[in-house]
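Novice: Take this structure first; my questions come after.
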Amino acid sequence: MTFRLSKDAVNRVAIAAALLLLSAAAFAGEGIEGFTAAELGRIASHGPWPLPWTPDPGNRVSGNAAAIRLGHELFFDKRLSANGQVACASCHDPAKGFQDGRATGRGLATGTRNTPGLLNVRDQRWFGWDGGHDSLWSASLRPILDPREMGGSAVRAAHLLRNKVELACHYAQAFGKPPDARDPELLVNVAKSIAAWQETLASPASPFDLFRDALERQDAQATAAYPATARRGLRLFLGRGQCATCHAGPLFSNGEFGDTGIRFFIQPHGVDPGRQGGIKRLLASPYNLLGAFNDDAMRDNATTTRFLRPEHRNFGEFKVPSLRNLTLTAPYMHNGSLATLRDVVRHYSELDEDRLHADGERILKPLKLSEEEISDLVAFLESLSPPTPLPAPVAPTAVKACRR
């Protein structure tokens, strides 16, 4: 038996098939809402988000519930500092994206460096604006030891840990021994606990992530929620702005360093050497991944550190920051010299090429954006932050009970 469709039914099927083909072409080849296939591929490369968590091979308590609980407590405890007035959270405020909202912070290179936020810090390769640390735990140790910040010591840390039952218990659970000021690993273990907790600080999906995912699953209705201004800004980001050359991947950073044309001679502090000084400091540190405190016995995680050498071109280079959560972490740039995102975009629009190193990579060119284009690019950058305030950080509960 055969069935014959009416002419009207044939027309309806043909129209439906054509719509399906047009929809598929829009997403796969011709683009959707003005994005080409090449642009769609570049958009897809900025996800998915969040990135999967993987343990740090250089930190044996990475992912350890007791260490995470201990690190959470120590991060907010001012008694770890010499004067009892400064905690990690004093400069890394959860309400400000784990930054301090100041142009420049206290501590290393006092008066010249902006305090970086800590959200998604686990996904970084180098730490600090100059990359002076090659692990999160060594970066966490520096402010504890620095007399300009916390000015802590093994004696003070051991006293704090021993005199609070829960802290001593969690330390013993994590490291298999009681806290002892004579132990050369004590402060490193404290820093590794704080790092284990910081690894849990991941930001949720942003409006951009929702748009990217909707494009990937070919959900035209969901993509409509993404503002037209942000879409135009995204196209500028991918195209004429060439921003994704450095701000690549799901983290919107290539994890490396560059000269941004921001002055690095700052009165009365002199010249900030940036990456060149960071490499020198890293290689001289007993806490780098080539040293005795790295828990990766094979030192496979130290490969990039092993071949580092300070070069002239590194002078005045600073780390390419992640663009996620920008609305939480003003002011901007390594020295906090630009107050708003609009100031940042205008800086790259009117870039003074004479400020760039003659022997460096000449990636940057003045973008010469119109006021409307500046607004569009700002709208896109704002879409990389979560739309609502982040929930307060909490300590893990899956820890063996400690006697009070």
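Read the figures in this text as sums done on the coordinates, not as results from a lab. Here the structure is a predicted model, which is why all the values come from computation and not from measurement. Note that we place each Cβ from the backbone using ideal geometry, even for glycine, and neighbour counts take in every protein chain shown.
Novice: 7 Å from Cα along Cα→Cβ at both Ala225 and Ser153: what's the point-to-point distance in nm?
Specialist: 5.5 nm
Novice: Using a 7 Å offset from the Cα along the Cα-to-Cβ direction at both Arg309 and Glu371, what is the distance between the two label points in nm, to one decimal?
Specialist: 5.2 nm
Novice: Quick one: which residues, 5 or more positions from Val86 or on another chain, have an amide H under 5 Å from its amide H? H modelled 1.01 Å from N in the peptide plane, none for Pro or chain starts.
Specialist: For Val86, the qualifying residues are Ser81.
Novice: Also, I was wondering about something else. Taking the Cα-to-Cβ direction at Glu353 and at Glu256 and moving 7 Å from each Cα, how far apart do the two end points lie in nm?
Specialist: Each label point lies 7 Å from its Cα, and together they span 2.1 nm.
Novice: Can I ask one more? What are the residues whose amide H is under 5 Å from the amide H of His133, where those residues sit 5 or more places off or on another chain and H is modelled from the backbone?
Specialist: Placed amide hydrogens put Phe127 under 5 Å from His133.
Novice: Taking θ = phi - 60°, what integer Hz values does the Karplus form 6.51 cos²θ - 1.76 cosθ + 1.60 yield along the stretch 345-354, in sequence order, with x for Gly and Pro?
Specialist: Those phi angles translate into 5, 5, 4, 6, 5, 10, 3, 8, 5, 5 Hz.
Novice: Additional query: What dipole magnitude, in Debye to the nearest 20, does the chain give about its Cα centre under +1 on Lys/Arg Cβ and -1 on Asp/Glu Cβ?
Specialist: Numbers: 47 positive and 43 negative charges, 203 e Å.
Here the chain has a charge dipole of around 980 debye.
Novice: Here's something else I'd like to know. Per-residue ellipticity at 222 nm for the chain, helices alone: DSSP H runs ≥ 4 residues times -39500 (n - 2.57), over residue total, nearest 500 deg cm²/dmol? Intermediate results must be reported in sequence, preceding the final value.
Specialist: On the way: 15 runs with 148 residues, N = 404.
The helix contribution divided over the chain gives -10500 deg cm²/dmol.
Novice: Tell me, for the chain, which Cys residues have no other cysteine's C-beta sitting closer than 4.7 Å.
Specialist: For the chain, the answer is Cys88, Cys91, Cys243, Cys246, because their Cβ atoms have no other cysteine Cβ under 4.7 Å.
Novice: Could you tell me the calculated FRET efficiency between Ala297 and Arg342, based on Cβ-Cβ distance and R0 = 60 angstrom, to the nearest 0.05? The partial results should precede the final answer.
Specialist: Working: r = 49 Å, r/R0 = 0.82.
So the FRET efficiency works out to roughly 0.75.
Novice: Search the structure for amide H atoms under 5 Å from the amide H of Glu317, placed 1.01 Å from N in the peptide plane, and list their residues when 5 or more places away or on another chain.
Specialist: Residues meeting the amide H criterion: Arg275, Gln276.
Novice: Let me ask something additional. When a/c reaches 1.5 or more, the comparison of a/b and b/c decides; with that in mind, is the stretch 65-198 rounded, prolate or oblate per its Cα gyration tensor?
Specialist: On the way: a/c = 1.77, a/b = 1.54, b/c = 1.15.
Verdict is prolate for the stretch 65-198.
Novice: Now for a different question. Rounded, prolate or oblate: which fits the stretch 180-283, taking a ≥ b ≥ c as square roots of the Cα gyration tensor eigenvalues, rounded meaning a/c under 1.5, else prolate when a/b beats b/c? Walk me through the numbers on the way to the answer.
Specialist: Numbers: a/c = 3.49, a/b = 1.52, b/c = 2.30.
Judged from the Cα gyration tensor, the stretch 180-283 comes out oblate (a/c at least 1.5, b/c at or above a/b).
Novice: Thinking of the chain as a set of Cα atoms, what percent of all their pairs are more than 31 Å apart? Mind dumping the intermediate values first?
Specialist: On the way: 36842 of 81406 pairs.
I get 45 percent for the Cα pairs in the chain exceeding 31 Å.
Novice: If the reach is capped at under 30 angstrom between alpha carbons, list the lysines near Lys177, excluding any in the same chain fewer than eight residues apart.
Specialist: Lys78, Lys164, Lys192, Lys400
Novice: Per 0.36 nm of contour for each residue apart, how much would the distance between Gln85 and Lys400 grow if the chain were fully extended, relative to their Cα-Cα spacing? Display every interim value, and only then the final one.
Specialist: Details: separation 315, 0.36 × 315 = 113.40 nm, distance 3.04 nm.
That pair, Gln85 and Lys400, stretches by 110.4 nm at full extension.
Novice: Report relative contact order for the chain in percent, whole number only (criteria: Cα-Cα under 8 Å, sequence separation at least 6).
Specialist: 23 percent
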